[in-house]
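Taking it in order: structure first as structure tokens, then the write-up.
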Amino acid sequence: MSRVPASTSRPASFLAFDFGTRRIGVASGNTLLAAATPLKTLAAKADARWAAIAALIAEHRPDALVVGIPTHPDGASHDNTRRARAFGRQLHGRYGLPVHEVDERYSTTEALADGARDPDAAAAAIILEQFLRSLSTTTPADDDAAA
């Protein structure tokens, strides 16, 4: 997946997804504020989810998308790791936007601990804020090494 440079000529905006087999949490955010806002939770049913995601992309016009990738506590992959990566590839294929993967371990647990009314959307916001923090720690030398 691609990487967004830490310094861009204009703020970059993102939609983030906390992928699940039954629900998909969605959040938006940008590099200007370096913050994310929970938007909503979508039903993960195939056709309905794509129409809802297309509507969100049309409304928010993000520069890129972020997908939380679940793993076991030790970092090992499992079935949902594969499913989340496949979802990211489908997002890229359908909408042509860059897709960034973020380790999302414990994002839903954190959202629940924070008392979120919509824990899936709140988890997507946590995932996006983690991604935005990673951008602020990237240096130009890091960008050159990643290229």
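Descriptive notes on the structure:
- Leu32 passes every criterion in (1) under 13 Å from Leu132 (Cβ atoms); (2) assigned to a strand (DSSP E or B) apart from (2).
- The set of residues from segment 43-56 being assigned to a helix (DSSP H, G or I) and in contact with a Lys or Arg (Cβ under 9 Å, 6 or more places away or on another chain) comprises Trp50, Ala52, Ile53, Ala54, Leu56.
- Every residue from segment 42-69 that is farther than 27 Å from Leu32 by Cα and under 16 Å from the mean Cα position of the chain (by Cα): Ala44, Arg49, Trp50
- Residues that are modelled with pLDDT under 95, surrounded by 15 or more Cβ atoms within 10 Å (Cβ to Cβ), of a type outside the set (D, E, K, R) and under 20 Å from Val26 (Cβ atoms) do occur in segment 90-110, at least one of them.
- The listed residue being outside any helix (DSSP H, G or I), under 14 Å from Phe14 (Cβ atoms) and either of a type outside the set (A, V, I, L, M, F, W, C) or in contact with a helix residue (DSSP H, G or I) (Cβ under 8 Å, 6 or more places away or on another chain) (or both), out of Pro73, Pro62: Pro62
The values are calculated or read from the model by the stated rules, or taken from the named source; none is laboratory data. Because the structure is predicted, anything quoted here is derived from the model rather than measured. With ideal geometry, Cβ positions are generated from the backbone for all residues, glycine too; neighbour counts draw on all protein chains shown.
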